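A quick write-up on the structure given underneath.
Computed from the coordinates by the stated procedures, all read-outs in this text should not be read as laboratory data. Owing to the predicted nature of the structure, the values given are computational and were not obtained by experimental measurement. In this analysis, Cβ positions are derived from the backbone assuming ideal geometry, glycine residues included, and neighbour counts consider all displayed protein chains.
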Amino acid sequence: MNDLQVEIKRIRTPREARRVEQILSRRPGIVSVSASAGTLQLKWDAEKTNKSAVLKDVEKSGVEILHTKSKDEETEYHDHEHIPAYLRFLGENTELYFAITSGVFWVAGVVSGFISGIPPNIPMILYIIGGFFGGFFTFITAGQDILRGKFEIDFLMLFAAVGAGALGKWGEGALLLFLFSLGHALEHYAMKRARKSIAALSDLTPPVALVKRNGEVVEVPVQQLDLGDIIVVKPNSIIAADGVVVMGNSAVNQAPITGESVPVDKRAHKEWRLQEEVSKLSAEHRVFAGTINGSGVLEVKVLKKSKDSTLARLITLVKEAETQKSPTQHLADNFEKYYVPIVLLVVLLLLGAFLVIDETFKQSFYRAMSVLIAASPCALAISTPSAVLAGIARAARQGVLIKGGRPLEDLGGLQAIAFDKTGTLTEGKPTLTNAIPFGDTTKAHLLEVAVAVEGLSDHPLAAAIVAGGEKELGRTDITPAGNLQALTARGIRADWRGTTVHVGNRRLFEELTGEKVPAEIDREMSQLETGGHTAMIIHQGDKYLGIISVMDVARPEAIATLAALKKMGIKRMIMLTGDNQKVANAIAESIGITDPLGSLLPEEKVKAIERLKLEVGNVAMVGDGVNDAPAMARSTVGIAMGAAGSDVALETADIALMADKLDNLPFAIGLSRKAKQIIKQNLIISLGMVAILVPLTIVGAVAIGPAVVGHEGSTLVVVLNALRLLRYEQK
C-alpha cells in the first residue's frame, strides 16, 4: 500500500471536498481518500495501479495539482540510511563508518586475546564496543519494525547477537553485528550507485530560464514558464523547456534524454503555430528540457510546461519503475511470507532440544542461534531488487526506459517480435526514390519540372518531391509554376514557362490522350509499384517526360537490427501495417522481415498479436504508441518508438526507446537476458547457502562464527553480482 499527499488549489466548500472524495474512491486501485482545503491524502494499491494513473484520476476529479509528495519519498532517507539527526554531520556514509569502526574493535579484540599479560576482560570489552557500533543502526531499524508490529531480519540478527553474548560468545556476536552492518552499508551504497543514473535526471533542468518579455530578456523560474514564451538559450547552456526552435541554429547534445551519443543539429522552424500538434515536429526543430546547447544561440518557443516536459515524465516513470516488482521478486516475497515463520518455528523447537536429547539448555540455545543466523533470508531479500534496479539504471543510460521488473524479465524470453511499419521500421515520411526520364529528356529537366509544379501543392507527397529534387539538383532557385489545379484522384496540372504540365497516375493521361500510356512507361510504373513505390507520370505539353516515385523508406538501422535479433534467436519477426500487402511484401523483403501482414486495421493488429501468442508464446509489439496502443497492450511486452515525442507511447508501453533508435532493441533484449541470468545466479547463491548452512548448524557441525561469515558473505556476493549489470555492454 502506498501513501500520497497531493497539494491542490483550494477546495472552497465541504460539499466540494465530499464530491472529490466520492469520485476518487470509485477509481480502481485507490483504497482511501481524504480531501481538505488544500490537500488530498490518498492510499493506493501498487498491485492494481501506479502513481501516474492516480494523478490522472485526481486531475479528472476536477482539482488542479500544485505539488505531490509520497510517503515513501519522504521517508526514503530514513528507511535506507537510519541516520539520526545528531549524526548526519558525518554524511551519507555514516553507517559505513560505524561498520568499519565495529570491525576495527572486533579485530582488536581478536588480537588482544593472543597477547600475554592482557587482562582477560579486555577482549570482551573490545567485542562489546565493536558490537555497539555494529548493532547501532540494526537496533534502530529493529525498533522501528517492532513499533509497526513486524519482526524483520534486523530483529532476528540482533536477537542472535545478544543470544551469543549471553552464552559468553562475545566474539561471535560482535562478528555477526560487524558483518551484518557492513553488508547493510555496502548494500545501501550499491543501491545508491544503481540509482545514480536515475537521480541525476532531476538535476538536468536549470532552475531559471532567460525569457523574452516586453522587449527585454528576464530571468524566470522554470516552473513559471507559460506556453508560447520565447526562451533564449545561450551557447553551452542547458535548455530549460520542451519547445520548437524559432530562431538560430546549433548542435544540441540530447544524450541526457535520448541516449544519443552524437549531437543533433537544430534549426529554426519559423512557421510553427502553437496550436499544431507537437508530435508533428521533426527532430531538427524540436528540443527537450535537460538537453545541452552547442555553440549557437537558440530562441525556443515553449510548448510544454515544466511539469509536463519529456524530462519530467521520464523522471516520474523511472521512479515508478523502481516500485514495480518482477515475477521473480513476487515469487521471492511469497516464499519469504511462509519461510520466515517456519524458520522461527524451527528455532523455537531447537530451543527445547535439551528436553529431548542429552545436552544442556546452553548448547540448545547456541544451536538455535546458529540456525537462526544461517536461515535468515538476507541474501534472498536483496537478490532480485538489486539486479532489477541496476538493470533499469543501465538501460536508462542507453536511452531505454524499462518500466519495472516485469518487462525487464519478460523481454529476455521473447520468441517473436511484431513491428508496426510506418515510423518504426520505416522513416515515417515519404522520400523521393526515383526520377526516370524518357526519350531525350534529361534527369535534371525532369526534376526541375517536378519541383516547379509540386512546390505549389500541399499534398504530403509534394513536400518529399520538392525536398528530394532540390537536394539532387543542388539548387533551390527553381522558377515556380502557376495556375495550379488539383485533379481529384488523378493528379495536378499547372502552367510553367508557357507550357501545360500534368503530374499524375495512368487514369489522368488516359483521359487526356484518349489512349493508354506508352507500354514502356506502364511497365516501369508496374515494377516500381510492385516494389512498394508510389509512382507518378510527368507530362509537359504533348510530351511524356518520365516518371518520379516516392516511398516511405526503411530506417537505415532496420536491416542490421533485424539481423542482430535473428542472431539472438528471435526467429519470427512480423510486420503489421495498414498498407496493402504488395507494399508490405516489398519492405519485408528488403529488410529481413519473416512475416509481412498488410491491410490491417487496428483491431486486426490486436487479433494478430493474440494469434501469435497462441502460436509462439511471448510476443513483443513495437510501435509508435498511438495507433498501435491496443496491440501493444495485448502483447507480452509493449515497446514504444519515439517516446521522446509521444505522451501516449510513454503511458502505453512497458519499454520506451527514448532516442527513437531501433538498434537499441537488441541491447535491451541482451540486458534483459543478462539480468535474468544474474537473478538466477543470486537465487542459487542465496538459497544454496541456506540449504548448506541450516543442516550443518542443526547437527552442530558449524558454529555461529562460520554461519555468520557464510550468511553475510552470500549477501555481499549477490549485491556485487547485481552491480555487474551497470557495466553491461552489448556484444
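If you stretched the chain out fully between T360 and K234, how much longer would it get, using 0.36 nm times the residue separation minus the C-alpha to C-alpha distance?
Extending this stretch completely gives an extra 37.4 nm.
According to the square roots a ≥ b ≥ c of the eigenvalues of the Cα gyration tensor, what is the shape class of the range 431-551, taking rounded for a/c under 1.5, prolate for a/b larger than b/c otherwise, and oblate for the remainder?
Judged from the Cα gyration tensor, the range 431-551 comes out rounded (a/c under 1.5).
Kindly state, to the nearest 0.05, the FRET efficiency for D522 paired with A563, given R0 = 35 Å and r defined as their beta-carbon distance.
Step by step, r from the Cβ atoms, then E = 0.45.
For the range 413-516, what's the relative contact order in percent, using C-alpha pairs closer than 8 Å and at least 6 residues apart?
18 percent
Given a Förster radius of 22 Å and the C-beta distance between T594 and Q730 as r, what FRET efficiency does 1/(1 + (r/R0)^6) yield to the nearest 0.05?
With R0 = 22 Å, the Cβ-Cβ based efficiency is 0.45.
Please give, to one decimal in nm, the separation of the simple spin-label points placed at D495 and E59, each 7 Å out from Cα toward the Cβ.
The modelled label-to-label distance comes out at 5.3 nm.
Give me a comma-separated list of calculated 3J(HN,Hα) values for the range 656-667, in order, Karplus coefficients 6.51, -1.76, 1.60 applied at θ = phi - 60°, integers in Hz, x for any Gly or Pro.
Using θ = phi - 60°, the values come out as 10, 8, 4, 7, 6, 10, 5, 6, 7, 5, x, 4 Hz.
Given a cut-off of under 8 Å on Cα pairs at least six residues apart, what relative contact order in percent is computed for the range 535-649?
Here the relative contact order equals 15 percent.
With the contact rule set at Cα under 8 Å and sequence spacing of 6 or more, what percent relative contact order holds for the range 513-552?
Value for the range 513-552: 31 percent.
Please turn the phi angles of the range 588-602 into ³J(HN,Hα) values with the Karplus equation 6.51 cos²θ - 1.76 cosθ + 1.60 (θ = phi - 60°), one per residue in order, whole Hz, x for glycine and proline.
Running phi through 6.51 cos²θ - 1.76 cosθ + 1.60 with θ = phi - 60° gives 4, 5, 7, 10, x, 6, 8, 10, x, 10, x, 6, 9, 7, x Hz.
Put a dot 7 Å past each Cα toward the Cβ at V699 and L473; how far apart are the dots in nm?
Reported label-point gap for L473 and V699 is 9.1 nm.
May I ask you to compute the full-extension gain from K212 to K571, defined as 0.36 nm times their residue separation minus their alpha-carbon distance, rounded to one decimal in nm?
123.7 nm
5 Å is the cut-off here: which amide hydrogens, built 1.01 Å from N in the peptide plane, fall below it relative to T426, excluding neighbours closer than 5 in sequence?
R555
Based on Cβ point charges of +1 for Lys and Arg and -1 for Asp and Glu, what charge dipole magnitude is obtained for the range 431-551 about its Cα centre, in debye rounded to the nearest 20?
60 debye
Can you sort L597, L473, L671 by how many other beta carbons sit within 10 Å, fewest first?
The fewest-first ordering by Cβ neighbours comes to L473, L597, L671.
What is the fewest-to-most order of V619, V107 by other Cβ atoms lying within 10 Å of their Cβ?
The fewest-first ordering by Cβ neighbours comes to V107, V619.
Round to a whole angstrom and tell me the spacing of the C-alpha centers of the range 374-437 and the range 507-559.
Each part reduced to its Cα centre gives a spacing of 41 Å.
What ³J(HN,Hα) values, in whole Hz, does the Karplus curve 6.51 cos²θ - 1.76 cosθ + 1.60 give for the range 92-109 when θ = phi - 60°, with x put for Gly and Pro?
6, 9, 4, 4, 5, 4, 5, 5, 5, 4, 4, x, 4, 5, 5, 4, 4, x
Sticking with the crude label model, points 7 Å out along Cα→Cβ, report the distance from E615 to I684 in nm, one decimal please.
3.5 nm
On full extension of the chain, what length is gained from S116 through F89, given 0.36 nm per residue of separation minus the C-alpha to C-alpha distance?
Between S116 and F89, full extension yields an extra 5.7 nm.
Please sort 718-730, 413-425 by packing, taking for each peptide the average over its residues of neighbouring beta carbons within 10 angstrom, highest first.
413-425, 718-730
With r defined as the distance between the Cβ atoms of K607 and A463 and R0 fixed at 45 Å, what FRET efficiency is calculated, to the nearest 0.05?
Taking R0 as 45 Å, the efficiency between K607 and A463 is 0.80.
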